[in-house]
Amino acid sequence: MNLNLRNAIIHNVSGNTQDQLKDTIVDAIQRGEEKLLPGLGVLFEVIWNHADQKEQDMMLETLEQGLKQ
């Protein structure tokens, strides 16, 4: 992914409230448009990089369970 795209995505949501961030995520998922996937990836990267090991393990467990459905 182009670093400029990553920075643009982070810039666009920096300063957003939790409600705004949730709306952004839910909207991107509901639309199901391929072009929105990089943005969700960048947001996940931020979450992952700021999570401790226990939180990362929880995310991986949740992901693994979700993929089994």
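Values in this text are rule-based calculations from the coordinates and carry no lab data. Note that the structure is a prediction, hence the values are computed from the model and not measured. We place every Cβ from the backbone using ideal geometry, glycine too, and count neighbours over all the protein chains shown.
Whenever a residue of segment 33-51 is among the aliphatic types (A, V, I, L, M), its partners that are assigned to a helix (DSSP H, G or I), lying with C-beta atoms within less than 6 angstrom and at least six residues away or across chains, give the pairs LEU36/ALA28; LEU40/ALA28; VAL42/ARG6; VAL42/ILE9. Can you find, within segment 15-34, the residue that is nearest to the chain's Cα centre (by Cα) among those that are among the polar types (S, T, N, Q) and outside any loop (DSSP other than H, G, I, E, B)? Looking at residues that are among the polar types (S, T, N, Q) and outside any loop (DSSP other than H, G, I, E, B), I get THR24.
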